[in-house]
Each structure stands twice: as C-alpha cells, then as structure tokens.
1. Quick one: grab the alpha carbon gyration tensor of region 227-269, order the square roots of its eigenvalues as a ≥ b ≥ c, and give me rounded if a/c is under 1.5, else prolate or oblate depending on whether a/b is larger than b/c.
2. Reported to two decimal places, what Rg/Rh ratio describes the chain when computed on Cα atoms with Rh from the Kirkwood expression?
3. If you build the convex hull over the alpha carbons only and average its shadow over all orientations, what do you get for region 157-244? Give it in nm² to one decimal.
4. What does the charge count around Gly144 come to, taking other residues whose C-beta lies under 13 Å from its C-beta (Lys +1, Arg +1, Asp -1, Glu -1)?
5. Between Asn439 and Thr143, take the C-beta separation as r, use R0 = 56 Å, and let me know the FRET efficiency to the nearest 0.05.
6. Add -39500 (n - 2.57) for each DSSP H run of 4 or more in the chain, then divide by its residues: what number comes out at 222 nm, to the nearest 500 deg cm²/dmol?
7. If r is the Cβ-Cβ distance from Gln60 to Lys304 and R0 is 35 Å, what FRET efficiency results, to the nearest 0.05?
8. Karplus couplings for region 595-601 from phi (6.51 cos²θ - 1.76 cosθ + 1.60, θ = phi - 60°), rounded to Hz, Gly and Pro as x?
Amino acid sequence: MLPVRVSRLLVALLSLALLGGCGERGGADAVSDVASGDAMPATVSANQQSVQDLKLDDPQDFDDASRGLIARPEGKLLGANGSLLVDFDAFKFVQGPAPTTVHPSLWRHARLNAQAGLFKVTDGIYQLRGFDLANMTLIEGKTGFIVVDTLTSRETAAAALAFARRHLGDKPVSAIVFTHSHVDHFGGALGVASAQDLALRKIPVIAAEGFVEEATSENILAGVAMGRRSMYQFGKNLERSPKGLVDTGLGKDVAYGAVGILAPTQLITQPTQELVLDGVRFVFHNVPGAEAPAELTFSMPDKKAYGGAENLAQTMHNLLPVRGAKVRDALRWAGYLQLALDQLGDSEVYFGQHNWPIWGHARIADFITKHRDVYKYTHDQTVRLANAGYTPPEIAERVKLPKSLATHFGARGYYGDLRHNVKAVYQFYLGSYDGNPANLNPLPPKDSAKRYLALIGGADKAVAAARLAFDQGDYRWAAELLNHVVFAAPDSAEARQLLARTYDQMAYQSESATWRNSYLSASAELREGPPKTGLDRTQVLDMLQHTPVERFLEAMAASLDGPAAEGKDFKLNLVVTDLRESHVLWIENAVLHHRKAAPAADANATLTLTKPLLTRLMTGTAGINDTLLSAELKISGSKIDLLRFFALLDKPLGKFPIVSP
C-alpha cells in the first residue's frame, strides 16, 4: 500500500488534473454590492437619446408574452445541496417605467422575459417559461407529452414538468426532442426521464446528427476559462435589482444545478426528415453549424406550427458569445432563415426555445425575414469594409443597421450585440489580427500599462485625466485609461473605485444584457475581488459519463505545463475496464500525446479503473480512502513516476481575475 502522504498527493493530483477545481453557487462568493451609485446625467441623456426611434409602448409583444397563461409558479427552487437555483419572485421588481440604471429598451425586454409560467401556445402545444434560461415545450401526443428541450438542470426540468402535470394532467413522457447541443436545452434530461425509463418504455429521443459529440465536448477543452467568463455573461453573482441583473437576453437567469444527458435513439441525418412521434407528425430540418454545431428546427403541418429552436429568438443572437466559443457562420445562419421561410408553409404560430411566441403567418414571415437580414447585413457590410482595409474596431464603429431592421424589437441586441458580431465576422474570415505589424507582437497588458503610465507621468495623472473624462460622460475613454492604471498599479484604490463606477455607467447604458452583466461583474470584481470559487464541476457528473475518454485526454494534454515537461519522457497506460478500452499517454518534446491502444510494455505506470471512478476523480468527488481501497482502481508500475507525471499538469480552479493582473 502507498504511504498515506503519497496517497493523499496522488488522489489530489488525479482529482484536479483534468478538469480543474470545483465550486458552488451562493454563500461566500455572492456579491452584495454590485453597483453602488445612481446613473450619471450623461447616462440618463444617452439612454433617452438611444430610444427616440423606438415605440417602447407598443403593446403587441406584451400581448404575445402573456397570451395563453395558465398558471404562474411561486417561491424558490433549491438544488440537492440546498443552493438556490430559481427564485420565481426575484424579478418582481421588473415592472413599470425603466429606472435610470437600466437602458429603457433592455428594461422593456426584461419585462417581457419576466412573464414566467405555463402557457398554451395553440391546441396541444404548451410552454414552460421562466423555470430556467430556456423554455420547455410540451406537445400532447396520443399517449403522453412529447418534451422539446429539457432545460439546464435536472432540478428545474423535474419542477417544470411536475408543474405542468398539476395543470394539464399526470401524463407520461412519450418522446423527447433535443433541438441542439447547448446545455440549457438538454442538461435537465434526467429530470424528465431516466435511462431505465427509455429502455423500459422505449421512449424515442430525437436529436440532430452529431448531437452527443458536440454536447459533451462543448465545455471540456476550454471549459474552465469559458465557465469563468460565463459568470460575467450571465451575471451569476450579481444581485437581482435595477442596479444588478435584470435579464440575460434569452431569459431571466441560468439555473446552476445538476446537468445530465440522454443518448438519442434516432438522429436526424437528412436536411429534411419526417417522423411521427406518439401520433404527431413532425418535419425536422437539420441546420448544423450556425447557432450550434448540431441543431434542428421543425414544422408541425397538422398543427400549423413552426418550432424555430434557437436559430430564432426575440433578440439578435451572438456570432461569438462574450464567454467565448467557436465563431459562428453568419452567412450560413442567414441561409437557414431563408430556408425557414420556405419551410414555414401555412404555419400560424411560431414558438422558439427562448422568449415568447408569435401568432399570424404574416407576422411570423416578417420576423424571420428581419432576422435573416440582420445576419446577412452584418456579414456583408463587415466583409465590404474589411476589403476596404478597415480594422475590426473601425468596422464596429461604422456599421449601423438600416432603420427597417434597427426598429424591429425582435432583432435588437439584447443577447448578441451588433458591434461584437461585426468583430466575429471579421475573425471568421481573417482572424483577430488586423494586418498592422504593430499588433503582431504587442506587449502584455501589464507591461504596456506600466509604460503608458510612465509616459503619462504616473498613476495620479492618469486617474485625474480619467476622472475628467468620467465627469464629461466619456466613459469609454475613462475605462481605457483606468484599465492601464489598474494593470500597472493594481493597489491603487482610487483607480479601482473610479473604474468600477465607470463600468457601472457603461452597464446602465447597455442595451445588451450580456454587456450589462459583464460590466457589472467587472465592477463587482474591482470592489470585492474575484470569486472565491469557480463553477461547480461536480454538477456535470451525469453528463461526463457520456463523454468519450478521448475528450478528457485532450483536456489533459492542454493542461500540461510545457516548460516543466521539457526533457521528460514519461509514459502512462490508462485502462478503463468497464469500457473495455485502453489508452497510452506519453510525453515527447514537452507535448502530451495519447492514442487508443493496448497497454505499452515500457510504460512507467499503469492506471486501471472504471469510467465512473475516472469521472469522480476528475471532478474531485471521490473520497481518498474509498478510492484507494476501491476494487475499481489498480495502480501498477512506478507510483513515483505516476505522481511526477500528474504533477506536470496545471489544475485551474476557474476563479482567476479578469479585470486586474
């Protein structure tokens, strides 16, 4: 048996080596003072000016958002560990005229998204909204409910379905449809049905080709960084108030609960594919590589209904999320929406998996047309100006939507943002480099900031100039100056406080919910410091069971400390007994390689274990004694070399600072 000290180190290294540390929501890392201070006069004036051409009092969307209401949920929904997942009363303050601390157009959108409850869309089609970021759609079949998308977490999905059954009848789940590979649309699958239910009752599960691969790989390789940045995008730690989180653009909030997945029983592999599910005719349309790598929309001709998944929402979408992701193809997206017009048939109702529906064929066609042209216009004008030699910031400053698109509420930038999308189009074709050699090898932010401060004459002069800009309402320039100060002199309390106040004002002026949440999260970090914990990786255990071992090994390779690995030549066998597969890992030229192969005879060590134990080790949920004494784990060869191997891997915790060095 290993010595206790070595045993503890081994398990600690194994548990952190692949996916980083874990954390939990609420408690010590909740932010209580996210945005002190009121809106400055310049903010009030800018907000009033920005909505002059908008008919904020148009009642049509409010009629649509409340239409068909059956019942509203109340109270709080807690996770298994007692953490708060959903507070149905948290956004009751979102009513009446816009406060000065929220962009009036965003406030209007936030009021519309605050319509939570169970709604009848049309005969036999219902939606649950406000239980999570996405919607759960229920379609009545001959024997039960066809569930379209299962929300983010097991807890919210189970609560939503139970709420529906109280009002619609205790019907079984007769089929499940996953519209695409983003976690807020499949993560709650195990709250709707178990794998045993599927096998016993032969419940069909429908998804697009490539769904499982994309769903399980989305957040593995760069998951720690993306997870940390998503806390900014969704305002995870912001208070719910007029000075904090009011919306996310696609919905009110994200429920950070237990995430799982169910394997599809049938994939949509053709561009158009018809299926009958529990007596209901669906015409599925395969639309990969735009909003999501694997996605489908669908028509229900007999119900005159069209389900737009997330290619359509009541907001301009993002071509590159501020949390980070692979850049999306604007031209392909526009092409899918042209096809949607052709696929619409005689539909009289559109519903999506976010926001609220639209009724009336002409209104639906106009809605799709506007979205098509927002993405096409953004794409074409960006490419036109790039070909004229303009850089991403210059293009973002120049491109404005024509009035016919800019005044359409459903295509405004509540979730995406035109300026950010322009830069995404540029990056899609030309990368992030703008062609100017000065930007080929710029100094790191901290080094550059120190030199700028020396040139300006020190931090005090820079702060004074920033204060003048702040007083004049020139917040973009104030932020740029103060960012240099914070990176060069992070102990300057005056600079941090003024930059926080600057971000407050930029948040209050943001029509995009994701930009607002990012500014306010930055403001909170400047005042309170980074979060005490990262996202809770233990909540994805059920999903990780379906993730191929290769994805984890890719993440392991990307965590290798290259300089520390120079000159090392360790080789490790990894045998996963219940999968009946083995992998050989080796370090060569400071690079960690892996391949599926029989165990190598010359390996330094062999680690033999089951997939469930491997998953628990990766998320830090396996106890030390249970792990070492478990029949699921066997270590042979040099245990010291095994320790040295894992010691070369970084263990990111996902709580790094973003707005300071």
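1. The shape class here is prolate.
2. 0.97
3. Result: a mean projected hull area of 8.3 nm².
4. On the way: positive: Lys142, Arg165, Lys171, Arg201, Lys202; negative: Glu140, Asp170, Asp197, Asp278.
Around Gly144, the charge tally is +1.
5. Working: r = 61 Å, r/R0 = 1.09.
That pair, Asn439 with Thr143, gives E of 0.35.
6. Estimated from H runs of four or more residues: -12000 deg cm²/dmol.
7. Rounded to the nearest 0.05, the efficiency is 0.95.
8. Once θ is set to phi - 60°, the couplings for region 595-601 become 7, 6, 6, 5, x, 7, 5 Hz.
The values are calculated or read from the model by the stated rules, or taken from the named source; none is laboratory data. In this text, all values refer to a predicted model and were calculated from it rather than measured experimentally. A quick note on method: Cβ atoms are made from the backbone with ideal geometry, for glycine too, and the neighbour counts reach across all protein chains shown. To get the accessible areas, we keep the full protein, side chains included, count just its heavy atoms, and leave off ligands, DNA and RNA. Shrake-Rupley method; radii C 1.70, N 1.55, O 1.52, S 1.80 Å.
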